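Input: a single structure, listed below in structure tokens.
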Amino acid sequence: MAYINTVLGPVHPDEISVTAIHEHLMSGLPGWEYDPDFWFDMGTAFEDCYNAVMDFKLLGGQTYVECSGISSARDLDIYVKLASSIRDMHIIASTGFLGDSNIAPHFRRKDAAYFEELFVREITHGMGKTGVKAGVISIGASENFTGLEEMVYRAAARAATRTGAAVITQGVQTIFKQLQILNDEGLDSSRIVISHLDSNGFTNLERDKQIARTGAYIAYDRIGTQNTPRNIFGMPDEDRLKLILNLLDAGLQDHILLSTSSQCQSLGWGESNVHSVSHLLRYFLPRLRKAGVDEATINTLLVENPRNVLTIQQRLT
Amino acid sequence: MVMTVKGEMRPEELGWAALFEHILFAFPGWENDPWVDFNRAQVTESAVASLREFKNAGGGTIVDFNGTLLGRDAELLANISSLADVNIIATTGFSGQDFTPGHFLFPGATRRRDILDQQAGITYEVQRLDADYLAKIFYEELTLGMVGPGMMRTSFKAGVVKTGANWDRVTEADEIAIRGAARAAKKAGVAVLTTGISQAQRQWEILLEEGIKPDRIVIGRCDDGRAIDLERDKEFARKGAFVSYNHIGWEDTSLPYCIPDERRAELVKTMIKNGFAENIILSCDAVCCAISIPQPKHSYSHLLKSFVPRLKKLRIKDSVIDTILRENPKRVLGGK
């Protein structure tokens, strides 16, 4: 059996259509909750999340992948409530850790075997003490690629191989090292998504082609970000479009994913709601069409590719 | 006056006090570990039983030395304190970078904070993660109430401040936390308890720079097996600080930080013989519910039921023991 884990339970892969593959509802480094300056009104926060996701749905969006992983303000109550409140909107949550500073002290003393069991458990039994299952493994590496991050990567690869879930990885400074570790652990490239390839200062068309040709997915998931002193990775959509058109010309449409990496509620030193997931469909989709990208290709990027990433093929172990 | 979780008390009312104890002990993030089996009812019951035993042995007060981050639960502390009729003083402050979550690890991190300006519409200010930022957090825990889960400030206030550092060095993140703690302590007039003995000297320097008086400083963990140094302890005592042997009962010498109580008692005796009885603090770092570390076997009463008799066997007089357990905590926590 093949299925996709949403926060409301497994669905058949064909139920999934237009997808934003890398988003955040709540996002913050562990510890924000001890800092009253970052406390927020839960009702207002839920309303913000609801409005953003509903807006996305009204534009034709149907699946929202929350990539925060463990101990980075993952809030299952909000995810479940959102998914139950918006009809035919699938919310997919993630297990994993986004990077060294996202790993709370309790987990910093654990080893790869522990992380592997943790990720497997969150995909097959439920996240934390709940029965809500994760749909993907979202991990990240800092520019130093610490030993702890390497442990998490090895564990993620093993958990992905055991469960059939995909790995979404971020950290543009160390992509090839990440890929190598995941492959070393036996994870098939077709189960790997490399995120944030459209980070200002770190774009590289040839690199992206090379990654796609290994069979991995390449994600342009900072759509709608502006380059400001406070968002150094933001870049204009027209530059992003050029990259994507080049990759389409090279015949790599089966490996491209699109998303916005928006945050409805930032609980750290960033800002909330700077841009919204709707930007993908409201502004970027018309841009693709205007550039001559046909509907079949758009369907590949927004529906088929994410569906293939999210689909879990039932394994025996 | 000293702030306990039950409210303000006169220092004379504290009785025999153990300044480095823990009800819960857990590193941030433990709530996300599905294999942690935390049973609040069971923890309450066993903590109350252990504290009653401590009280029956003559104890009056413990300091829950968790600080803001290490599994402190203000409501649980207040409940346990009432049920056991033992005073509990809670702590604010951090314990060193290794125990601090990512949100507080980037000194200088800025945040734009929108504020309403009546003339010009929305304007903003830039906030920075620095010592003053942390001082505000700690000061509010001392004067308004400790932060609790669910983005809520409890009505229970912390009564002392703790500082700590990584084992190998005082990192930049540690330094802002130490300075922040010092500023909060100075403003609120409370004592500072340190941990991380390997970096005690640097912490001490920072505390003095921030204007903390030596007689409001307790240098913690002087009996850490990795860094025993009586000359250092005498020097701190000579300058008027308190030196704390607070790992009593941690005797499993397969762990590098543990030493036998026998040796610990000799250290204490030597300090007393050198005339520093009025600068000694004793505690046993017991943990009722250890979540992120192995559960120690001894409990709060070990100090009074096992270690004090050991000191008596070494011919330490009752009056000296009373000074160490009652008068010293009274002076450092009460300030004079």
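If you scan the stretch A:44-57, which residues turn out to be within 14 Å of another protein chain (Cβ to nearest Cβ) and farther than 13 Å from A:Ser85 by Cβ?
The answer is A:Thr44, A:Ala45.
Residues are listed down the side, and each one gets a yes or a no for (1) away from chain A (no Cβ under 13 Å); (2) at pLDDT 95 or above:
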{"position": "B:Asn66", "(1), (2)": "no, yes"}
{"position": "B:Arg72", "(1), (2)": "no, yes"}
{"position": "B:Glu75", "(1), (2)": "yes, yes"}
{"position": "B:Asn79", "(1), (2)": "yes, yes"}
{"position": "B:Ser82", "(1), (2)": "yes, yes"}
{"position": "B:Phe94", "(1), (2)": "no, yes"}
{"position": "B:Pro101", "(1), (2)": "no, yes"}
{"position": "B:Leu116", "(1), (2)": "yes, no"}
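Go through the stretch A:95-113 residue by residue and tally those that are open to solvent by less than 40 Å² (accessible area, probe 1.4 Å) and in a helix (DSSP H, G or I).
Within the stretch A:95-113, residues that are open to solvent by less than 40 Å² (accessible area, probe 1.4 Å) and in a helix (DSSP H, G or I) number 7.
Given the conditions (1) away from chain A (no Cβ under 14 Å); (2) touching a Ser or Thr at 6+ places or on another chain (Cβ under 7 Å), and given that B:Ile23 satisfies all but one, which numbered condition is not satisfied?
Failing condition for B:Ile23: (2).
Would you say A:Asp75 is within 14 Å of chain B (Cβ to nearest Cβ) and in contact with a helix residue (DSSP H, G or I) (Cβ under 7 Å, 6 or more places away or on another chain)?
Criteria not met by A:Asp75.
If you check B:Ser244 against the conditions, is it polar (S, T, N, Q) and either open to solvent by less than 60 Å² (accessible area, probe 1.4 Å) or not in a helix (DSSP H, G or I) (or both)?
yes
Looking only at the stretch A:63-82, filter to residues that are touching a residue at least 60 places away in the same chain (Cβ under 8 Å) and open to solvent by 10 Å² or more (accessible area, probe 1.4 Å); which one of those is farthest from A:Ala134 (Cα to Cα)?
Only one residue fits best here, namely A:Ala73.
Select from the stretch A:267-317 the residues that are surrounded by 21 or more Cβ atoms within 10 Å (Cβ to Cβ) and within 14 Å of chain B (Cβ to nearest Cβ) and list them in ascending order.
A:Leu267, A:Gly268
Quick one: would you say B:Leu208 is open to solvent by 10 Å² or more (accessible area, probe 1.4 Å), at pLDDT 95 or above and within 20 Å of B:Asp261 (Cα to Cα)?
Answer is no for this residue.
Suppose the filter is in contact (Cβ under 8 Å) with a residue 12 or more places away in the chain and either more than 13 Å from the chain's Cα centre (by Cα) or facing chain B (nearest Cβ under 9 Å) (or both); does A:Asp88 pass it?
Against the criterion (in contact (Cβ under 8 Å) with a residue 12 or more places away in the chain and either more than 13 Å from the chain's Cα centre (by Cα) or facing chain B (nearest Cβ under 9 Å) (or both)), A:Asp88 qualifies.
Going residue by residue through the stretch A:154-169, is there one that turns out to be part of a helix (DSSP H, G or I) and open to solvent by 60 Å² or more (accessible area, probe 1.4 Å)?
Taking every residue of the stretch A:154-169 in turn, at least one turns out to be part of a helix (DSSP H, G or I) and open to solvent by 60 Å² or more (accessible area, probe 1.4 Å).
Could you list, in sequence order, the residues of the stretch B:31-64 that are charged (D, E, K, R), within 26 Å of A:Asp75 (Cβ to Cβ) and either in contact with a Pro (Cβ under 9 Å, 6 or more places away or on another chain) or more than 12 Å from chain A (Cβ to nearest Cβ) (or both)?
B:Glu31, B:Arg40
The values are calculated or read from the model by the stated rules, or taken from the named source; none is laboratory data. All values reported here derive from a predicted model rather than from experimental measurement. As a convention, Cβ positions derive from the backbone with ideal geometry for all residues, glycine included, and neighbour counts pool all protein chains shown. Side chains are part of the model used for accessible areas, which takes the heavy atoms of the whole protein and leaves out ligands, DNA and RNA. Shrake-Rupley method; radii C 1.70, N 1.55, O 1.52, S 1.80 Å.
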